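Working notes for the structure below.
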Ligand code: BTN
C-alpha cells in the first residue's frame, strides 16, 4: 500500500461497523475485486473496503473492461460474508444496487438500469456493479461487491467510446465531490441493505421502484440469441420479465450480456 493521496480515504472508515471498519486504500491495483477476494481468506477480512485510485485491469460484467482514470472516480470493492442461503444469492446484487443508488441519490437523481447499472435521469451510465459470489454447499461462503461510480470525471476527459453514454455525479450536481464521503455513504447503505435481506426482507419491491428499465422496450443478448420485448416486471428471483411478440420470457441477470433500449425501426 502506498502513502500520500491514498491516506485521504481513511477518514471514511466506520469504526465498529460491520462494513467499512477498515479501508484499504491503494494508489494502483489490478482490480479491487481481486484484492477483496484475497481478503476473504483472512479471518478478519469480511467487511473490509478496498479502494484504488487507479485499476490497471478493472473488470466489468461479462468480461468487459472497466475504464476509470486515476484520481477522479470511486472504484471500490467490499469483502463480504453474507448470511444468506445459496438460493438467495440473487438478492445480493439487488441489495448492492439499492445501496449504491441510495448513496448517490443524496447527490443527484439516479435510477437503476437492470441488472447492474446506475444511471442518470437521462439514462446515461454513472456506475456499474460487479458482484462475485462463492457458493459452498447450500450457503454463500463469501462475496465481493465491486462498485465503480463516475464521481468527478469531466466530460472532456472521457474517452470517445464512452462519452456519449456516460456521465458523472459531478457533471450532474456540479462542483467537485468528496469521494471519501461517498465511499462512507455507500458502506453505510450497503450495511443497511444487507442487514435487511439477511433478516428476510426481499429487495424486490425496492428494486422495482428504482428500476428505470421497467416499462421500456429493450433488447437483450442471451445465450439463446437476441430478444426484444417490453420489460414489465421482475420475477421472484430478480429476472427481467419481457413481453415479446412470441409471449412472455424471463431473462436471468447472470445470463444477459446486453440490455439496452431497443433501436426504433
Ligand atoms: C459493469 O458495469 O460492467 C460493472 C463494472 C464494475 C466496476 C467495478 S470498479 C471496482 C471493482 N473492481 C473491478 O475490477 N470491477 C469493479
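The values are calculated or read from the model by the stated rules, or taken from the named source; none is laboratory data. Note that this is a predicted model, so its numbers are computed, not measured. Note that each Cβ is placed from the backbone with ideal geometry, even for glycine, and that neighbours are counted across all protein chains shown.
What the table shows:
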| read-out | value |
| --- | --- |
| Residue among 146, 184 that is buried (at least 22 other Cβ atoms within 10 Å of the Cβ) and in contact with a helix residue (DSSP H, G or I) (Cβ under 6 Å, 6 or more places away or on another chain) | 146 |
| Failed item, numbered, when residue 91 is tested on (1) within 16 Å of the ligand (Cβ to nearest atom); (2) part of a helix (DSSP H, G or I); (3) under 19 Å from residue 134 (Cβ atoms) | (1) |
| Looking only at the range 47-65, and only at residues there that are in a loop (DSSP other than H, G, I, E, B) and surrounded by 19 or more Cβ atoms within 10 Å (Cβ to Cβ), the one that is farthest from the ligand (Cβ to nearest atom) | 47 |
| Failed item, numbered, when residue 85 is tested on (1) out of contact with any strand residue (DSSP E or B) (no Cβ under 6 Å at 6 or more places or on another chain); (2) within 14 Å of the ligand (Cβ to nearest atom); (3) modelled with pLDDT of 95 or more; (4) within 28 Å of residue 202 (Cβ to Cβ) | (2) |
| Index of the failed condition, residue 174 passing every other in (1) in contact (Cβ under 8 Å) with a residue 12 or more places away in the chain; (2) over 16 Å from residue 97 (Cβ atoms) | (1) |
| Top-ranked residue in the range 32-46 [being assigned to a loop (DSSP other than H, G, I, E, B) and touching a residue at least 60 places away in the same chain (Cβ under 8 Å); ranked as nearest to the ligand (Cβ to nearest atom)] | 40 |
| Qualifying position, being touching a helix residue (DSSP H, G or I) at 6+ places or on another chain (Cβ under 8 Å) and modelled with pLDDT of 95 or more, among 36, 52 | 52 |
